[in-house]
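Report on the following structure.
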């Protein structure tokens, strides 16, 4: 069985772009990405997919699927999970003895982008949420899309007070709306603290298309999923988001002792309170999918990363501050400064940064397959800027939006960030 996972990873790694380092792992839109996973949900529930679903061989045989449960673990990389399973004797019997497969995240490998894909079944090129910080031309500012506020504003939801509609900002139908149109009910389970967050409001389906279910702990999550499945009388999709690993990895680094303990506890809870507690008849008609949005990598300390502001000749070529992520940045050049900015970055940081034009990355398929061009979001090209800068190894391109005090980060194209685990039960 392990050979299948190895073959999948070889196929994923064989997908290359000529102007990017060979060690980068790219989104595998043909078969093995979160885009394919989201479309598997549609396909399993009898709704026409928008992109190819995952290969059928990755799913267990089911005579009839009444419900699909997708459990998304924030910041659980495939590499990190394999190492955890090697050093952890009892994370959970069923989950321990199953073979986890590798999929790829989307790019940038960050929560806002991945969640938008999983809630729409669209590639980043199509849904337009291509980073944590985005230049919104319609408002003339750089926004934090998780909190729906200008990046310099301490108050969350400021953009809502300025009249921005979260649903209008997304601008595409959600997966839940597509399911609802075909008579499938959705349940979205998220931590209570995130119910009113900017991103949650943006991705939440309109009233009637889904039921929002807040929860407090991993045990609460497992019990609520179990209760919903047990009471179902109709086809349904349950999306469950669990975030504790991401917070620990940011603060202490991925695979810290607390990270290990939290993951072990979560897998045990899933095994005991969900998988082991469901009646066999419910298990038989339910497809349970487990995955992650991205992994994390320990970045270099602040004093060792690339501080763009230390290079005034390059900064003078910028129209405004970089957007995107510290590990996947979009740069906007002044009208006469693009060539100088591009050449200067490549000459000065050839060992630290991969630099390519955003248009080139888009057309090469980094943000979605060429087939998705007909559904391209009208603002995506503006949001990608002129240059895409992707740090190599554990580097980062720092701009003083914050103190840069997090240990673990993500957004880039290393295998630690891009490969995510997948299990279908």
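Is it true that residue 210 is buried (at least 20 other Cβ atoms within 10 Å of the Cβ), outside the structural domain of residue 382 (by TED's automatic domain parsing) and free of Cβ contacts under 8 Å to residues at least 24 places away in the same chain?
no
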Pair list, Cβ under 6 Å, 6 or more apart: the stretch 61-73 residue in a strand (DSSP E or B), other residue at pLDDT 95 or above and surrounded by fewer than 18 Cβ atoms within 10 Å (Cβ to Cβ): 67/232
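Results for (1) out of contact with any strand residue (DSSP E or B) (no Cβ under 9 Å at 6 or more places or on another chain); (2) modelled with pLDDT under 95; (3) more than 22 Å from residue 200 (Cβ to Cβ), shown as yes or no for each residue.
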{"residue": "63", "(1), (2), (3)": "yes, yes, yes"}
{"residue": "71", "(1), (2), (3)": "no, no, no"}
{"residue": "76", "(1), (2), (3)": "no, no, no"}
{"residue": "90", "(1), (2), (3)": "yes, yes, yes"}
{"residue": "98", "(1), (2), (3)": "no, yes, yes"}
{"residue": "106", "(1), (2), (3)": "no, no, no"}
{"residue": "114", "(1), (2), (3)": "no, no, no"}
{"residue": "121", "(1), (2), (3)": "yes, no, no"}
{"residue": "125", "(1), (2), (3)": "yes, no, yes"}
Only one of (1) under 20 Å from the mean Cα position of the chain (by Cα); (2) not in a strand (DSSP E or B) fails for residue 378. Which number is that? (1)
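Looking for whichever is without any contact (Cβ under 8 Å) to a residue 12 or more places away in the chain and assigned to a loop (DSSP other than H, G, I, E, B) here; the options are 53, 48. Which one fits?
Values: 53 fails: without any contact (Cβ under 8 Å) to a residue 12 or more places away in the chain.
The match here is 48.
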Count of residues meeting criterion [out of contact with any helix residue (DSSP H, G or I) (no Cβ under 6 Å at 6 or more places or on another chain) and not in a loop (DSSP other than H, G, I, E, B)] in the stretch 1-34: 13
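The values are calculated or read from the model by the stated rules, or taken from the named source; none is laboratory data. Just so it is clear, the structure is predicted and the values come from calculations on it, not from any experiment. Neighbour counts are summed over all protein chains in view; Cβ atoms, including those assigned to glycine, are modelled from backbone coordinates with ideal geometry.
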